[in-house]
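The values are calculated or read from the model by the stated rules, or taken from the named source; none is laboratory data. Please read all numbers here as calculations on a predicted model, not as lab measurements. Positions of Cβ are backbone-derived with ideal geometry, glycine not excepted, and every protein chain shown enters the neighbour counts. Note: areas computed on protein heavy atoms with side chains; ligands, DNA, RNA excluded. Shrake-Rupley method; radii C 1.70, N 1.55, O 1.52, S 1.80 Å.
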Amino acid sequence: MKNNQDRMMTAQKIREYCKWLEHCERSRDTIQRYAYHLTNFMEFANNRPVRKEMVVCWKSILRENMAPVTVNGALAALNGFFKFWSWQDCKAKFLKITRNAFYPESRELSKQEYQRLVKTAAESGKERICLVLETICSSGIRVSELPYITVEAAGKGQAEVDCKGRIRTVLLTKRLCKVLLDYAGKKGIERGMIFVTRSGRALDRSNIWREMKALGLEAGVDREKVFPHNLRHLFARTYYAMTKDLSKLADILGHRDINTTRIYTMESGSEHRKQLERMRLILTPYNGMSLLL
């Protein structure tokens, strides 16, 4: 890779690195995310030569304002950039994160809340976002994979999804296919993507996010729980509760590492607490009565 002695962070260097990422067939979302973090660091550097001390300082600032996982994502972008430009001594260590045993209750979307969102959307005449919710939640796809839900896919009952360098087959239920084709027919969509804007372009992730937040407010569901990826989590928890097959679920979700899939199947703390209560291992009498009765 190229070597640059002055070690100045510039927009041109960021563009060259992102171009290289494209050549490596990294996903568009990853490249955009890396470019965002690199641009933020460039603004922090403010035309000063990059030094390890500067990177450590930036890391500390991020730690005060971001979740650990997000910080590590920013560091991954920066370390990759440093490796590309042979600035190896500027690389920073990732934060060590202990895997949580439970999914945060404040963010766990229940099946009842999901049903409320869908019902509210249907009753409000918001057919497109209603169907987006049902498609993601019944198939487990990522929101970025919605463009692969086409008229042809609905006709075959399965979609061939290409994401993160892996192609997998996503099965669609008969009922979902019927409502997808009915919707496409009403919108005059004869082929290609079903979820499109008025101009025929793929529905943007940010638009879906905003529509879901507004729908959550209308349905009385906590906004912290209403985001597209939470539908994928609900699919995973529901599937795993029925099958207990973590390996199969990993294949369905398109995960390379089964440990990633474990995160999707985590219970909330309240569910675990109920299980502890059912174990009945506290023997001390309560109000004079034995708890083992």
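Quick look at the values:
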item: Residue 278-residue 107 FRET efficiency (beta carbon distance; Förster radius 22 Å; 0.05 resolution); result: 0.35
item: The chain, helix-only ellipticity at 222 nm - DSSP H runs n ≥ 4, -39,500 (n - 2.57), divided by all residues, nearest 500; result: -17500 deg cm²/dmol
item: Lys, Arg +1 and Asp, Glu -1 on Cβ, resulting dipole of segment 121-239 about Cα centre, debye, nearest 20; result: 200 debye
item: Within-9-Å neighbourhood charge of residue 49 [Cβ basis; K, R +1; D, E -1]; result: +2
item: GluC sites (Glu not before Pro) lying in DSSP loop within segment 154-245, provided at most 13 other Cβ fall within 10 Å; result: 190
item: Rounded accessible area per residue of segment 1-155, 1.4 Å, Å²; result: 56 Å²
item: Tail weight of P(r) past 19 Å, computed on alpha-carbon pairs of segment 1-59, percent; result: 34 percent
item: Of all accessible heavy-atom area on the chain, the percent that carbon and sulfur account for (1.4 Å); result: 52 percent
item: Neighbourhood net charge (14 Å Cβ-Cβ; Lys/Arg +1, Asp/Glu -1) for residue 190; result: +1
item: Ordering of 62-74, 113-125 by burial proxy (mean other Cβ atoms within 10 Å per residue, highest first); result: 113-125, 62-74
item: Prolate/oblate/rounded label for segment 1-127 (Cα gyration tensor, a/c 1.5); result: prolate
item: Equivalent ellipsoid, segment 123-271 (semi-axes from 5 times Cα gyration tensor eigenvalues, Å); result: 25, 20, 13
item: Dimensions (Å) - the chain, Cα atoms, principal axes, largest first; result: 72, 68, 36
item: Farthest toward positive dipole pole in segment 187-230 [+1 Lys/Arg, -1 Asp/Glu at C-beta], among 197, 220, 230; result: 197
item: Segment 100-177, Cα convex hull volume normalised per residue, Å³; result: 128 Å³
